[in-house]
There are 2 protein chains.
Amino acid sequence: MKSMAEIKREVGDGKAVSACSGGVDSTVASCLAQKAIGDRLTVIYVDDGMRREGEPEAVVSMLRGFGMRVRILDAGDEFFKSLKGKIDAEEKRLAFRHTFYSVLGNEVKRVGADYLIQGTIAADVVETAGGVKTQHNVLEQIGVDTRQFGFKLLEPLKDLYKPQVRAVARELGLPEDVSEKMPFPGPGLCIRVLGEVTPERVEILRKATKIIEEETSMLPAFQRFAVLHSDRATGVRDGKRSYGYIITLRLVESEDAMTARAVEVPYYLLKRISKRVFDEIPEVSRCLYDITDKPPATIEFE
Amino acid sequence: MKSMAEIKREVGDGKAVSACSGGVDSTVASCLAQKAIGDRLTVIYVDDGMRREGEPEAVVSMLRGFGMRVRILDAGDEFFKSLKGKIDAEEKRLAFRHTFYSVLGNEVKRVGADYLIQGTIAADVVETAGGVKTQHNVLEQIGVDTRQFGFKLLEPLKDLYKPQVRAVARELGLPEDVSEKMPFPGPGLCIRVLGEVTPERVEILRKATKIIEEETSMLPAFQRFAVLHSDRATGVRDGKRSYGYIITLRLVESEDAMTARAVEVPYYLLKRISKRVFDEIPEVSRCLYDITDKPPATIEFE
């Protein structure tokens with residue numbers, strides 16, 4: 001495969017690090033790198049505190065099952081510190097990205113590698129260049145020189161769209177859990193917490209995310225997730241006024257994330273999901289359901 | 001009727017003013033007062049800038065059709081000024097209420113009246129006393145002395161619940177437009193604009209409200225309305241990132257507003273409503289649908 005040859009040629013006898021979130025893009029990129037340079041690859045899993053329940057453990061154990069050498073960086077505190085007080089969506093993305101590459105840059109140095117391999121795909125580059133949003137993993141295209149973080153970047157998938165990446169995953173013999181995996185944003189739950197990102201608010205969203213993933217698993221969807229609003233709304237708990245959190249449920253169908261349709265969720269299921277949310281997360285007193293396609297909305301809120 | 005006799009006895013040979021929004025409560029209270037004291041009643045319609053499209057004209061012409069002497073107070077600027085910079089729900093309610101009674105107090109003085117008649121009903125008093133929210137027309141129960149505004153208060157309906165008020169309306173021979181009228185909050189669109197209330201944001205909500213009222217008119221509902229969030233979300237317009245407004249659709253069934261069920265809106269209709277919203281209000285890029293009963297939510301968001 002062409003990208004493997006490129007990795008071999010670039011890295012030569014040196015070492016490389018790949019950042020892997022467990023998503024299909026970064027897992028495919030890491031597999032290609034492993035096949036290209038074998039043990040001279042270190043796979044890094046950055047636990048940024050923004051992952052879904054049980055996700056870090058599950059991903060790391062899967063990657064180790066593929067024979068990869070994986071290091072986990074427990075960096076939640078650094079991410080929360082960099083996000084403190086920030087409420088603007090783009091500022092949050094920038095803060096996340098800066099912390100991500102600083103943390104990673106330190107690790108690249110520690111390992112003694114020159115290269116960072118990551119799973120940027122074509123849609124990330126197109127959307128960033130087109131001004132739709134700044135994908136957190138798109139650096140050179142927006143004029144960020146990665147040498148400030150101490151490494152050169154290799155992006156073996158940057159000419160492929162999502163369906164092609166899934167095809168490569170199948171070709172590499174990766175399990176369906178990977179090849180058909182639902183996309184999850186690079187900055188994780190962080191961009192689904194509107195307004196300030198605090199550990200408490202991420203924890204509320206993490207619980208709601210789990211409920212929505214469990215309760216809608218029988219519905220086909222490209223992505224299914226919860227969003228926590230910064231707006232709050234009045235509610236009634238035990239006969240008293242409360243000022244509760246608002247959660248939005250979002251399910252979309254899509255081929256390549258460039259356009260998307262809101263999934264029709266049966267009303268009985270919406271009611272069942274919201275009941276579980278109110279029972280299990282007392283801070284939440286209102287559930288909304290997003291009925292918007294892309295365009296005019298994006299899939300995510302930020 | 002008992003309340004008419006009370007109004008007669010209290011007001012005596014003096015004058016009274018009634019504040020009428022055109023809702024069933026204040027229209028019934030004004031009708032009772034008119035029957036009790038005839039021409040010594042002046043009905044005031046406060047145009048606070050927070051009404052629905054065409055509402056002030058329609059209400060005033062209806063009240064005049066009932067033979068009432070109606071004065072319109074064009075006070076939008078004063079309300080917007082008092083709300084400027086306020087984002088907390090309770091602060092907004094307090095600012096609205098203070099402006100409302102100041103404006104009205106001036107008018108009571110101008111007319112030379114001693115009494116203000118208003119359509120407070122039992123649910124308003126119960127919810128305010130119970131701490132669910134501060135109804136804007138409940139004053140004495142929360143320790144506000146109306147003499148600061150220059151009048152004494154008469155509340156002929158304060159022992160009745162909504163279904164009883166509707167029965168009185170029918171008994172008085174008021175048309176169905178009044179007796180079966182959908183409730184509308186005292187502070188109007190103001191409490192459906194989350195965050196700061198500006199003329200521009202109220203205008204966006206006014207357009208969305210009209211669309212929802214028109215498109216859902218065939219569905220039975222106790223209330224049907226739109227909410228404008230202060231949170232915004234990313235969207236795509238003409239291939240470029242936009243940061244658009246979020247509108248929530250809310251329809252509820254209820255008997256007395258003390259409890260309520262979210263109305264199931266067919267999916268095709270949700271899509272049709274949202275399409276009209278995006279076509280007619282380019283500032284909006286996302287539509288949500290509220291699926292929450294009361295409790296745990298309240299009917300309104302603030």
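The values are calculated or read from the model by the stated rules, or taken from the named source; none is laboratory data. In this text, all values refer to a predicted model and were calculated from it rather than measured experimentally. All Cβ positions, even for glycine, are placed from backbone atoms using ideal geometry, and neighbour counts span all protein chains on display.
The table that follows gives values for the structure above.
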item	result
Search result, residues across segment A:210-237 that are closer than 19 Å to A:Gly76 by Cβ and crowded, with 23+ Cβ neighbours inside 10 Å	A:Leu228
Test: B:Glu180 is under 16 Å from the mean Cα position of the chain (by Cα), surrounded by fewer than 21 Cβ atoms within 10 Å (Cβ to Cβ) and of a type in the set (Asp, Glu)	yes
Matching residues in segment A:245-279 - criterion: being modelled with pLDDT of 95 or more, touching an Asp or Glu at 6+ places or on another chain (Cβ under 8 Å) and hydroxyl-bearing (Ser, Thr, Tyr)	A:Tyr245, A:Thr248, A:Tyr267
Residue in segment A:92-103 that is free of Cβ contacts under 8 Å to residues at least 12 places away in the same chain and surrounded by fewer than 22 Cβ atoms within 10 Å (Cβ to Cβ) present	no
Positions within segment A:49-77 being farther than 17 Å from A:Leu194 by Cα, in contact with an Asp or Glu (Cβ under 8 Å, 6 or more places away or on another chain) and of a type in the set (D, E, K, R), in sequence order	A:Arg69, A:Arg71, A:Asp74
Members of segment B:239-254 found to be small (Gly, Ala, Ser) and either surrounded by fewer than 18 Cβ atoms within 10 Å (Cβ to Cβ) or more than 9 Å from chain A (Cβ to nearest Cβ) (or both), listed by number	B:Gly239, B:Ser254
Those residues of segment B:255-269 which are surrounded by fewer than 21 Cβ atoms within 10 Å (Cβ to Cβ) and without any contact (Cβ under 8 Å) to a residue 40 or more places away in the chain, in sequence order	B:Thr259, B:Arg261, B:Glu264, B:Pro266, B:Tyr267, B:Tyr268
Search result, residues across segment A:32-63 that are among the charged types (D, E, K, R) and either free of Cβ contacts under 8 Å to residues at least 24 places away in the same chain or buried (at least 22 other Cβ atoms within 10 Å of the Cβ) (or both)	A:Asp48, A:Arg51, A:Glu57
Residues within segment A:210-236 that are touching a Pro at 6+ places or on another chain (Cβ under 8 Å) and either more than 10 Å from chain B (Cβ to nearest Cβ) or over 22 Å from B:Lys92 (Cα atoms) (or both), tallied	2
Wholly within segment B:41-132, strands (runs of 3 or more DSSP E) carrying at least 2 residues that are farther than 17 Å from B:Thr146 by Cβ and at pLDDT 95 or above	B:41-47, B:70-74
Qualifying residue in segment A:108-121 (condition: buried (at least 16 other Cβ atoms within 10 Å of the Cβ) and free of Cβ contacts under 8 Å to residues at least 60 places away in the same chain)	no
The listed residue being farther than 30 Å from B:Thr209 by Cα, out of contact with any His (no Cβ under 8 Å at 6 or more places or on another chain) and not small (Gly, Ala, Ser), out of B:Ile44, B:Ile72, B:Ile7	B:Ile7
Verdict on A:Gly186 being among the small types (Gly, Ala, Ser), over 22 Å from A:Met62 (Cα atoms) and either surrounded by fewer than 18 Cβ atoms within 10 Å (Cβ to Cβ) or touching a residue at least 40 places away in the same chain (Cβ under 8 Å) (or both)	no
Residue ID - surrounded by the fewest Cβ atoms within 10 Å (Cβ to Cβ), chosen from residues in segment A:138-148 that are at pLDDT 65 or above and touching a strand residue (DSSP E or B) at 6+ places or on another chain (Cβ under 8 Å)	A:Thr146
Any hit, segment B:46-55, residues being of a type outside the set (S, T, N, Q) and more than 26 Å from B:Ala257 (Cβ to Cβ)	no
Counted residues, segment A:289-299 - those being under 19 Å from the mean Cα position of the chain (by Cα) and more than 7 Å from chain B (Cβ to nearest Cβ)	1
Subset of segment B:276-288 (residues that are crowded, with 24+ Cβ neighbours inside 10 Å and at the interface with chain A (Cβ under 9 Å from one of its Cβ atoms))	B:Val284, B:Ser285, B:Arg286, B:Cys287, B:Leu288
Checking A:Leu174 against (1) away from chain B (no Cβ under 14 Å); (2) under 24 Å from A:Ala260 (Cα atoms), the condition it does not meet	(2)
